[in-house]
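Each reported figure results from applying straightforward, stated rules to the coordinates on display, with no laboratory input. Computed from a prediction, not measured in an experiment: that's the story for all the values here. Cβ coordinates were reconstructed from backbone atoms using ideal geometry, including for glycine residues, and neighbour counts include every protein chain displayed.
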Amino acid sequence: MKVTIEVDCTPQEARGVMGLPDLTPLHDRYVAMMQETMQGNLRPELLENMVKSWAPMGDAGAAFWRRLFEAGTKPGG
C-alpha cells in the first residue's frame, strides 16, 4: 500500500505547523551585521568571534569564514 500526501504551504507556514520558532528577526540582524562588516563599518574580528560562538566548527571552519570575509573586504572583491 502506498499513501501520498501533498501539502501546499509556504516554508513559514510549515515551520509554524511543526512548532519551530520564527527566526526572521535574528536572520535579518545577522545579515545586517555581515553587510556592515563588508562595508567596513564593523571590525571583522567581532563578526569572527560571533560566528565562532554560533557555529562551533573548529579551527578549519573558522579559517574558512576568515578567508571568506577577507576576500569580501578586499578592493574589487
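Looking only at segment 1-48, which residues are assigned to a loop (DSSP other than H, G, I, E, B) and small (G, A, S)?
Those that are assigned to a loop (DSSP other than H, G, I, E, B) and small (G, A, S): G19, G40.
Tell me the residue from T4, T24, T37, T10 that is exposed (fewer than 11 other Cβ atoms within 10 Å of the Cβ), closer than 30 Å to R67 by Cα and of a type in the set (V, I, T), please.
T24
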